[in-house]
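Colleague: Here it is, the structure in full.
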Amino acid sequence: MIKIRVPATTANLGPGFDCLGLALKLYLNLEIEEIEEGLVIEYQGEGAEKFSVKRDTLIGKSAELVLKKIGQDKFKKGLRIKAFNQIPITRGLGSSASAIIGGIVGAAKLFNINLTNQEMLELALSLEGHMDNIVPALIGGLTLAYKTGQEGIKWTRIKTPLDLRIVLAIPEFTLNTKEMRKVLPQKVALPEAIFNLSRSALLVNALQNSDWEVLAEAMEDRLHQPYRTPFIPGIEDMFSQIKKTGLAGAALSGSGPSVVSLTKKGREEAISKIMKDAFLNAGITCRILVLEADLEGTKTVYSM
Ligand code: HSE
């Protein structure tokens, strides 16, 4: 039997639309073992009542992709997968990416199929993933993912300060990434592109040098947030209040509806309160989580 732990992720980090993503210490845990035949998936935790059928399919489908890659249509033996999920579903925290990566890594490890990280990421992307959360879910930490014409997906890790705290406000309602992509324009104006280019470089530099004071500006975005925030009551007010404090930078997590703030250890309580109150003032109840970055990515433990 093997145990696999896949982190949640916050993608589109600030100005890093479709390319920057950060792994979080919040996990999808899987226990996978061989059985005589069939694919049995048991699911507990976040989303178990509502979404288990879809999640099951995603984990199972991803495991089957690995077999197709080596020319088998079906498992010779069966698989039992027990999932214990801590990651809120359809809230912009990479729950689909973690299910996909979990299925792929699980099948590869259990059946001793040697796949490189790049091969696993390409498989994951072929299913439905976005590279800004697929990559950190596998690799861990803050990653910049990009594609090249010939070599496909590539990535690099960006150093983050140890005292970085990630505050998440997770509303009760859900938003679907596919729908949230449809609201985006296909073309952007040059000033908007320049705005995001400058903020992305600023963000990477700020995190590498613990330059906390510029985070409020470094986390701003003009490529996707202007089109998505109208679906999230209270968020503009939240952004402006956080910016006024100068203590944190805030952005949509993935395609929303969760909001992510990056701040320095010690400032997380003040930021949590602002986030919670801003949603409450707009009639939205939310959960607040204060997390650290996961630096390990997907981890596998073998046990008897
Ligand atoms: N980058 C994706 C998007 C979300 O904004 O549509 C990643 O899950």
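Colleague: Which pairs do you get when a residue that is over 19 Å from Glu292 (Cβ atoms), found in region 6-17, comes within reach of a residue that is assigned to a strand (DSSP E or B) and within 9 Å of the ligand (Cβ to nearest atom), reach meaning Cβ atoms under 7 angstrom, with the pair 6+ apart or on two chains?
Modeller: If the second residue must be assigned to a strand (DSSP E or B) and within 9 Å of the ligand (Cβ to nearest atom), the pairs left are Asn12/Leu252.
Colleague: Taking only pairs six or more apart or across chains, which ones have beta-carbon atoms under 9 Å, a first residue in region 25-41 that is more than 13 Å from Met1 (Cβ to Cβ), and a second residue that is of a type in the set (Ser, Thr, Tyr)?
Modeller: Tyr27/Ser98; Leu28/Ser95; Leu28/Ser98; Ile41/Ser52; Ile41/Thr57
Colleague: State whether the residues of region 154-161 include one that is closer than 26 Å to Leu67 by Cα and either at pLDDT 95 or above or in contact with a strand residue (DSSP E or B) (Cβ under 7 Å, 6 or more places away or on another chain) (or both).
Modeller: For region 154-161, residues closer than 26 Å to Leu67 by Cα and either at pLDDT 95 or above or in contact with a strand residue (DSSP E or B) (Cβ under 7 Å, 6 or more places away or on another chain) (or both): present.
Colleague: Pull up region 256-273, narrow it to residues that are in contact with a Lys or Arg (Cβ under 9 Å, 6 or more places away or on another chain) and assigned to a helix (DSSP H, G or I), then point me to the one that is nearest to Ile166 (Cα to Cα).
Modeller: The first filter runs over region 256-273 and keeps only residues in contact with a Lys or Arg (Cβ under 9 Å, 6 or more places away or on another chain), leaving 256-258, 261-268, 271.
Filter once more, so that each one left must be assigned to a helix (DSSP H, G or I): 268, 271.
Numbers: Glu268: 8, Ile271: 10 Å.
Only one residue tops the list, namely Glu268.
Colleague: Which numbered condition in (1) out of contact with any Leu (no Cβ under 8 Å at 6 or more places or on another chain); (2) crowded, with 23+ Cβ neighbours inside 10 Å is the only one that Ala107 fails?
Modeller: Only one criterion is unmet by Ala107, namely (1).
Colleague: Looking only at helices (runs of 4 or more DSSP H) that fall completely inside region 112-229, which ones have 3 or more residues that are of a type outside the set (Lys, Arg), outside the structural domain of Lys299 (by TED's automatic domain parsing) and within 16 Å of the ligand (Cβ to nearest atom)?
Modeller: Qualifying helices (runs of 4 or more DSSP H): 177-182, 190-208, 225-228.
Colleague: Take the conditions within 23 Å of Met180 (Cα to Cα), in contact with a helix residue (DSSP H, G or I) (Cβ under 8 Å, 6 or more places away or on another chain) and crowded, with 20+ Cβ neighbours inside 10 Å and apply them to Ala282. Does it pass?
Modeller: Taking the combined requirement at face value, the residue does not satisfy it.
Colleague: Going by what's in this entry, would Ala23 be described as aliphatic (A, V, I, L, M) and touching a Pro at 6+ places or on another chain (Cβ under 8 Å)?
Modeller: It is true that Ala23 is aliphatic (A, V, I, L, M) and touching a Pro at 6+ places or on another chain (Cβ under 8 Å).
Colleague: Additional query: Would you check if there is a residue in region 224-233 being free of Cβ contacts under 8 Å to residues at least 12 places away in the same chain, within 18 Å of Ala169 (Cα to Cα) and out of contact with any Leu (no Cβ under 8 Å at 6 or more places or on another chain)?
Modeller: yes
Colleague: Out of curiosity, is Leu289 away from the ligand (no atom under 16 Å from the Cβ), surrounded by 17 or more Cβ atoms within 10 Å (Cβ to Cβ) and closer than 27 Å to Ile100 by Cα? Break it down stepwise before answering.
Modeller: Working: away from the ligand (no atom under 16 Å from the Cβ): yes; surrounded by 17 or more Cβ atoms within 10 Å (Cβ to Cβ): yes; closer than 27 Å to Ile100 by Cα: yes.
Answer is yes for this residue.
Colleague: Could you list all residues from region 230-246 that are over 17 Å from Ser261 (Cβ atoms) and not in a helix (DSSP H, G or I)?
Modeller: Step one: list which residues in region 230-246 are over 17 Å from Ser261 (Cβ atoms), which gives 230-231, 233.
Correct list: Pro233 only.
Colleague: Moving on. Identify, from the list Ala48, Ala63, Ala83, the residue that is at pLDDT 90 or above and among the hydrophobic types (A, V, I, L, M, F, W, C).
Modeller: Selected residue: Ala83, the only one of Ala48, Ala63, Ala83 that is at pLDDT 90 or above and among the hydrophobic types (A, V, I, L, M, F, W, C).
Colleague: Looking at region 184-192, is at least one residue closer than 15 Å to Gly14 by Cβ and either crowded, with 19+ Cβ neighbours inside 10 Å or touching a residue at least 12 places away in the same chain (Cβ under 8 Å) (or both)?
Modeller: yes
The values are calculated or read from the model by the stated rules, or taken from the named source; none is laboratory data. Only a predicted model underlies this, so the values are computations on that prediction, with no experimental measurement involved. Heads up, the Cβs are rebuilt from the backbone with ideal geometry, glycines too, and the neighbour counts pull from every protein chain shown.
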